[in-house]
Amino acid sequence: MSIPSEPIGSLPRTSDVLNAMTGGDNQALAKAVDVAVRESVEALEAAGSPVVTDGEQAKTSAWTYPVDGAENLSPDGVAIPYADGHHRQLPALTAGPLRYRTRAEQYLRAAQKYAKVPVKQAVVAPSTLSLLYPPSGIAGYPREQFIADLLDEAEKDIRGCLDAGAHCVQLDFEEARLSLKLDPSGGLLSTFVELNNQVLSRFTEAERARIGVHTSAGSDQDTTHSLDVDYADLLPRLFELTAGNFYLQLASEPDPERVLHIVAQQLRPGIRVFVGVTDPNDPQVETAEQVRDRVLLAARHLPVDQLGTCDDTGFAPYADDRSTSRQTALAKIRARIQGTTLAAAQLAG
């Protein structure tokens, strides 16, 4: 018996990448990123990861990579408040049309050059980028046209990765839980789910089996943006998404068994739930035995053939987040893989 285990996406950037990002030399940055991608893939493979990523070394932010550098953006978009008092600010669109300047396929192909195992690719969910459209509207570019453009661009981003041979494509839907803090009525969350499902409906059932959705309470500077929002308010709506895989933050939950009970009620045939068994916001590295016990707890609620493991979220999804070292991130990943293997062996008897 084996239980699949996957990273979420990002690893802390190498020091060379961080220095090059502020150096203004695009050629030096491209070289540093290429080296960092190779090192990230090799490190994940050395940790025993059956699936790898590029570590998101080239992204300054997992939220906005498609539009970074666009001229029709202003810096004063939606603010994302974190529990420790700091915040991140999304840009705001100032004129149409919305067009992706960067597609995730290029990150996938960069990792595939070095990988000896399957490569997954994280992409930003269209719901995230819908936040770029200002509430006051844009003259000559109505919201309806913006949404149509967004759906087309998101489909191209996902399809490009599938066609390039991604093991799976993971929609980062990190704002799902946060939306319930911004709008406790759940209206914003419903809008997000409907928007993401519009994109997913453009893919066949076989393609959706290779598409997943990740949600968490956030990760930045070792803190979260929505851990205080009750998961019970999110999960029933989340599982309305027609993706084939769900990656859920769980290790940092105060009552994981309660969450697993809710997940079990929402489970449907044909999907797999990857439960978070390591917490990137906790500097303490989990032991393999701790991970094993978390997997065994999940297996008491979910069928093993629909179970997988992951980290709660990515490590340093923002490039300037230096709160976690690569050494710590990789130690947590090794613990995840080893603990998952221990649990699988015990479940197999």
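Every read-out reported here was derived from the displayed coordinates using simple, explicitly stated rules and does not represent laboratory data. It should be emphasised that the depicted structure is a prediction, and the values quoted were computed from it without experimental measurement. Counting neighbours? That spans all protein chains shown, and the Cβs are built from the backbone with ideal geometry, glycine included.
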Open item on the list: If you restrict to DSSP beta bridges whose two residues both lie in the chain, what percentage is antiparallel, to the nearest 5?
Closed with: 20
TODO: Determine, from the Cβ-Cβ distance of ARG268 and GLN198 and an R0 of 22 Å, the FRET efficiency 1/(1 + (r/R0)^6), rounded to the nearest 0.05.
DONE: 0.65
- [ ] Sort GLU205, GLU286, GLU6, GLU45 so the one with the fewest other Cβ atoms within 10 Å of its own Cβ comes first.
- [x] GLU205, GLU45, GLU286, GLU6
TODO: Let me have the 222 nm mean residue ellipticity of the chain computed from DSSP H runs of 4+ only, each contributing -39500 (n - 2.57), with the sum over all residues rounded to the nearest 500.
DONE: -12500 deg cm²/dmol
- [ ] Could you order peptides 79-91, 119-131, 293-305 by the average number of other Cβ atoms within 10 Å of their residues, highest first?
- [x] 119-131, 293-305, 79-91
TODO: Normalise the Cα radius of gyration of the chain by 2.2 N^0.38 Å (N = residues in it) and let me know the number.
DONE: 0.93
Task: Spacing of the two label points (7 Å from each Cα toward its C-beta) at GLN27 and THR191, in nm - done: 4.6
Open item on the list: Cross-link candidates for LYS120: which lysines have Cα within less than 20 Å, leaving aside residues fewer than 8 places away along the same chain?
Closed with: LYS59, LYS156, LYS332
TODO: Determine the gain in length on full extension of the stretch ARG322-HIS87; use 0.36 nm per residue of separation and subtract their C-alpha separation, reporting nm with one decimal.
DONE: 83.0 nm
Task: Separation in nanometres of the label points that stand 7 Å from Cα toward Cβ, at ALA345 and GLU207 - done: 4.1
